[in-house]
Amino acid sequence: MNTAVYAPSWPPVLVRMHERDNVAIVGNDGGLAAGTELPGPVGRGLVLRDKVPQAHKVSLADLKAGDAVLRYGIPIGYALADIAAGRWVHERLLRMPEARGLEGLPMAIAAKHTPAPLEGRTFQGYRNADGSVGTRNLLAISTTVQCVAGVLDAALERIRREMLPKYPHVDGVVGLEHSYGCGVAIEAPGAEIPIRTLRHLARNPNFGGEVMLLSLGCEKLQPDRLLPPGSIELRGSTVADRGTPGNSFGHVRLQDDTHVGFGAMMTAILAQAESHLERLNRRRRETVPASELVVGMQCGGSDAFSGVTANPAVGFCTDLLVRAGATVMFSETTEVRDAVEQLTARAATPQVAARIVEEMAWYDAYLARGAVDRSANTTPGNKAGGLSNIVEKAMGSIVKSGSVPIDGVLSPGEHLNGRRGLFYAATPASDFICGTLQLASGMNLHVFTTGRGTPYGLAECPVVKVATQSRLARRWHDLMDLDAGAIANGTSTIEAMGWALFDKLLAVASGERTWAEKHGLANQLVLFNPAPVT
Ligand code: CA
């Protein structure tokens, strides 16, 4: 913390999420010094007994050992010793609540309010033959196996340097590289997850219905297994005439006898790329309704402000998007597991609630096999940022899903297939795995909130990054796309920030570049493979 640059701001700011809460968050840059008098109805004139860092909790009442510490109106922990009012409440003073079981949950019982439709909102997008809409016009090259990655990287460099300048309406070329495809137990339970993820990635709306595949020849994940006829409508050539309208398909296999040496492989790949680039280059943006957005919500590098500023604003925006007919996915199973009761209650139907339980139970068993539990989620950075444990993190994470009913559930890597509304896409919380799985489900726009700060980006889809605090937004002024810290400063509100994000999303979907795009920042795709490696 560089207090030489950012002296503690004044007056003291306290943020409480629920009227029952007996702790509140310190809003001020640089935290608050011991002896500070806490303001307003929340602070009730209490005097701080400790120096409390920004985004950390201060106790608003005298707590006895064993008392529940309430935030978001629910217990995020139990006091291990007496905690006097005005003390800094950090994770070493708390015992974490037991995990909620999956029996006897409230199923689809929340009052269903149908918010008024939000009409007339549009963006400029690329319509695809399958009915989906892209926010970018990218050539994607799928791969069956990691073995081809080096050759593909060499080809990508030449495509970017020699070919893309000739196709100005193409936004870029991406290699869908991964570590799967061989040396894996491809028939084992769970193997369907990485395979369908790769299959569905190939048809992401930002790739314009052009499917180009690079394979090796001897790998376990054969092209017909990755893209079985009928699994995705393919029109085209090279390996087989698929004979149906839909995506244009092209395939280069490195072990083919016709490729005599590296030069011949490159020639084949570049020729195949050229035919896709020619078609992509003829595409133009057109006005489409906001309902064509498929937005994946995620957080990473969270702090205690994530659940106070950015995530509530994202939740407000989620409601706006769903009201506009768009599709929103929220994910990160380990980060919402402790809020399972709220999710099942909000399910649109008992069937959806049962699917939520099914995915949570699968993940509980997956973690149990690895002899870990949900407490493994929180990072040292989370704790330094004021998040005591996964329960507190979960409550701040789930607010990204807004307040509308949950319309459906996606297993990891499952495709939306045209379904709309609010979806719980069950994924791990890992930023890269979650992003990869949301891309496979059909995401064409990504929202990412961060408090600690991460330069996360994806080559396949724009990522709008929202800072939870102004201190980060100032320091990373050319990395963060929106500063939700203004909510804690009192210069904006959750509603105003939610609308600002909604407008930003329509602009980015129409072609406005994010900071990560301007700098060319992109993380690798990372597959979720719960099956054994051989
Ligand atoms: Ca994450």
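The values are calculated or read from the model by the stated rules, or taken from the named source; none is laboratory data. Quick caveat, the model's predicted, so the values are computed rather than measured. With ideal geometry, Cβ positions are generated from the backbone for all residues, glycine too; neighbour counts draw on all protein chains shown. Note: areas computed on protein heavy atoms with side chains; ligands, DNA, RNA excluded. Shrake-Rupley method; radii C 1.70, N 1.55, O 1.52, S 1.80 Å.
For the criterion of being in a loop (DSSP other than H, G, I, E, B), modelled with pLDDT of 95 or more and β-branched (Val, Ile, Thr), residue 170 passes.
From 399, 466, grab the single residue that is closer than 22 Å to residue 484 by Cα and open to solvent by 30 Å² or more (accessible area, probe 1.4 Å). If you could, list the steps in order and put the result at the bottom.
Working: 466 fails: open to solvent by 30 Å² or more (accessible area, probe 1.4 Å).
When all the criteria are applied, what remains is 399.
Kindly indicate whether residue 41 is more than 30 Å from residue 374 (Cβ to Cβ) and either out of contact with any Lys or Arg (no Cβ under 8 Å at 6 or more places or on another chain) or not in a loop (DSSP other than H, G, I, E, B) (or both). Against the criterion (more than 30 Å from residue 374 (Cβ to Cβ) and either out of contact with any Lys or Arg (no Cβ under 8 Å at 6 or more places or on another chain) or not in a loop (DSSP other than H, G, I, E, B) (or both)), residue 41 qualifies. Residues that are under 16 Å from residue 448 (Cβ atoms) and of a type in the set (A, V, I, L, M, F, W, C) within the range 468-499 comprise 472, 473, 476, 479, 480, 482, 484, 497, listed in sequence order.
Quick check on my filter: what residues within the range 320-348 are farther than 12 Å from residue 425 by Cβ and of a type in the set (Ser, Thr, Tyr)? Steps first, answer last, please.
Let us first name the residues in the range 320-348 that are farther than 12 Å from residue 425 by Cβ, namely 320-326, 334-335, 337-348.
Result: 334, 344.
Look through the range 17-30, keep the residues that are touching a Pro at 6+ places or on another chain (Cβ under 9 Å) and either part of a loop (DSSP other than H, G, I, E, B) or touching a residue at least 40 places away in the same chain (Cβ under 8 Å) (or both), and return whichever of them is farthest from residue 398 (Cα to Cα). Show your work before the answer.
Applying the first criterion (touching a Pro at 6+ places or on another chain (Cβ under 9 Å)) to the range 17-30 yields 17, 26-30.
Retained after the next criterion (residues that are either part of a loop (DSSP other than H, G, I, E, B) or touching a residue at least 40 places away in the same chain (Cβ under 8 Å) (or both)): 17, 27-30.
Values: 17: 14, 27: 21, 28: 24, 29: 25, 30: 27 Å.
The qualifying residue farthest from residue 398 (Cα to Cα) is 30.
Just one of the listed residues (423, 432) is crowded, with 23+ Cβ neighbours inside 10 Å, on the phi < 0 side of the Ramachandran plot and among the aromatic types (Phe, Trp, Tyr), and it is 423.
Need at least 1 residues that are among the small types (Gly, Ala, Ser) and touching a strand residue (DSSP E or B) at 6+ places or on another chain (Cβ under 9 Å) per element, so show me which strands (runs of 3 or more DSSP E) inside the range 242-322 make the cut, counting only ones lying wholly within it. Where strands (runs of 3 or more DSSP E) fall fully within the range 242-322 and carry at least 1 residues being among the small types (Gly, Ala, Ser) and touching a strand residue (DSSP E or B) at 6+ places or on another chain (Cβ under 9 Å), they are 247-253, 294-299. Residues being without any contact (Cβ under 8 Å) to a residue 60 or more places away in the chain, open to solvent by 20 Å² or more (accessible area, probe 1.4 Å), under 26 Å from residue 93 (Cα atoms) and not aliphatic (A, V, I, L, M) are represented in the range 359-377 by at least one member. Within the range 272-308, the set of residues being within 16 Å of the ligand (Cβ to nearest atom) and open to solvent by 10 Å² or more (accessible area, probe 1.4 Å) comprises just one member, 301. Mind checking whether some residue in the range 21-32 is surrounded by fewer than 17 Cβ atoms within 10 Å (Cβ to Cβ) and either at pLDDT 90 or above or touching a Gly at 6+ places or on another chain (Cβ under 8 Å) (or both)? No, the range 21-32 has no match at all. With respect to being open to solvent by 60 Å² or more (accessible area, probe 1.4 Å) and outside the structural domain of residue 354 (by TED's automatic domain parsing), residue 74 falls outside the description.
When 94, 105, 80 are checked against the criterion of being within 28 Å of the chain's Cα centre (by Cα) and closer than 30 Å to residue 68 by Cβ, 105 stands alone in meeting it. Tally the residues that are within 12 Å of residue 337 (Cβ to Cβ), modelled with pLDDT of 85 or more and out of contact with any strand residue (DSSP E or B) (no Cβ under 9 Å at 6 or more places or on another chain), restricting the search to the range 348-389. Going through the range 348-389 one residue at a time, the tally reaches 8.
Go over the candidates 309, 334 one by one and state the one that is within 22 Å of residue 108 (Cα to Cα) and in contact (Cβ under 8 Å) with a residue 12 or more places away in the chain. Show your work before the answer.
Details: 309 fails: within 22 Å of residue 108 (Cα to Cα).
Just a single option satisfies the conditions, and that option is 334.
Residue 510 passes every criterion in (1) within 16 Å of the ligand (Cβ to nearest atom); (2) modelled with pLDDT of 95 or more apart from (1). So for the range 395-413 (the condition being within 16 Å of the ligand (Cβ to nearest atom) and over 15 Å from the mean Cα position of the chain (by Cα)), does at least one residue qualify? Yes, the range 395-413 has at least one match. Filter the range 412-439 down to the residues that are farther than 18 Å from residue 367 by Cα and part of a helix (DSSP H, G or I) and list them by number. 432, 435, 436, 437, 438, 439 - these are the residues of the range 412-439 that are farther than 18 Å from residue 367 by Cα and part of a helix (DSSP H, G or I).
Residues in the range 81-132 that are among the hydrophobic types (A, V, I, L, M, F, W, C) and open to solvent by 90 Å² or more (accessible area, probe 1.4 Å): 109, 111, 129. Of all residues in the range 477-531, count the ones that are open to solvent by less than 60 Å² (accessible area, probe 1.4 Å) and among the acidic types (Asp, Glu). Selection size over the range 477-531: 4.
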